[in-house]
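The values are calculated or read from the model by the stated rules, or taken from the named source; none is laboratory data. Note that this is a predicted model, so its numbers are computed, not measured. Heads up, the Cβs are rebuilt from the backbone with ideal geometry, glycines too, and the neighbour counts pull from every protein chain shown.
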Amino acid sequence: MDKRNTVTTPSRAPVKNTLRIALPPLAEWTDSTPLAYAWLDRQGRVARGGGLPATELAAAFAQARTQVVLHPDDVIVATINVPAVPANRYAAAVRGILEGLVLGDMDGLAIGHGKRAADGTAIVAWTPREALRSAWQRLSAAGLSVQAFYPLQVWSDQPCIDQAAPLHTIEDPRWQAPNPGWSLAVPQLAPRQPSRWRGAAAWMAGAALIWIVGLNIYALQLEHETEQLRQHMEREVRDAFPDIPVVLDPLRQAQQGRDALRTGQGDASGKDLLSLARIAANVLPFATDAVDLLVYQNDALTLRLNDGSQDGPSEPGSSPANELGNAPPPEVTAASRESARPASVSNTRSSDAKTTAADRVADTAAILQRASALGARVERDDKGAWRITRAEP
């Protein structure tokens, strides 16, 4: 037999430090309805009483053991005859007897009963299960710790016959009546108590949420910085290598462009032919279009100029014919020129020769200076050939 809806209490324990509340009819009860109450001290005497809403009672009597007295309109009390049965079958026997008295569904009721008396009778009470669950939930939500639900009729001389008057005044002796020894507080109807770890779990969940949000924000910042760096690299690659149509991998494409430049143009600090040729063009600008022979061997570039450019830059005032090395007309001899030249012109010619020698020394110094700045070394052999090599550190 099902025992879920049946509650019995082993003894009639005295009332100690208890808050006893009398509920109005459940259909009329609202959160603002004042509830009659009595505060019982350790001797079971009424120390305080009055009427307050449930939330104010919970604030005034925090963590107090609470007993709730149900209104007679919400609970039915009866006396039944129970045969002598073993204690472990007593609740099933009471339930079996009630099946003949209750017209509705037994599973929808919360049932409480007392012990079997010497004459074989027992007091039994029942109330709608969901109504009791709702009342218990509301009291618990207000902050009251409900321990028991009692029908008011059990404190009457004839609980099954008398219509018990509701509890109102503090002088009513029923406030101090002892417990009946049983209750309608079916454990399955008790509100779920919040776990003591719920607060800690909530804080942990909040901390985890904040951490996740912060991590996502940091990831977005990194993504933004990465995008900015990529765009900067793309601009640098486009500026350095304008021939690249589309930049997909800036670092790789920059390396490829650098390698292509080294392969096609020579290393700016190398000893290859193109590097030394660029140095020759910068150091010996007068050799442009005058190279008669070019030899690259053993990391050295040798230039031999045509006859008109062997002596380097042309002398001031010299004619193009002299720059190309052409001899004067045969009919004009040196002696005839000297005899035909006035004395003043001869003196001027001597002065110009000295100036030209000084200019050549200055040009040679400039060539050496430019070569040193480019990390190169320039030499000229006895035959007038120019030799260009990298300067060793």
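Can you pull out every residue in the stretch 109-121 that is in contact with a Phe, Trp or Tyr (Cβ under 9 Å, 6 or more places away or on another chain) and either assigned to a strand (DSSP E or B) or not charged (D, E, K, R) (or both)? Walk me through how you get there before you give the answer.
Of the stretch 109-121, the ones in contact with a Phe, Trp or Tyr (Cβ under 9 Å, 6 or more places away or on another chain) are 109-116.
Listed by number, the residues that qualify are L109, A110, I111, G112, H113, G114.
Given the stretch 37-81, what strands (runs of 3 or more DSSP E) lie entirely inside it while holding 3 or more residues that are modelled with pLDDT under 90, in the same structural domain as A135 (by the TED database) and not hydroxyl-bearing (S, T, Y)?
Working: elements: 46-52, 65-70, 76-81.
Filter on the stretch 37-81 gives 46-52, 76-81.
Among the residues in the stretch 132-152, are any farther than 19 Å from E28 by Cβ and modelled with pLDDT under 85?
No: zero hits.
Can you list residue pairs whose Cβ atoms sit under 9 Å apart, with the first residue in the stretch 270-294 being of a type in the set (F, W, Y) and the second being at pLDDT 80 or above? Count only pairs 6 or more apart in sequence or on different chains.
From the stretch 270-294, the pairs are F286/L305.
From the set of residues in the stretch 255-277 that are among the charged types (D, E, K, R) and either surrounded by 14 or more Cβ atoms within 10 Å (Cβ to Cβ) or assigned to a helix (DSSP H, G or I) (or both), which is modelled with the lowest pLDDT?
Only one residue tops the list, namely R262.
Is it the case that G120 is farther than 23 Å from T30 by Cα and not charged (D, E, K, R)?
yes
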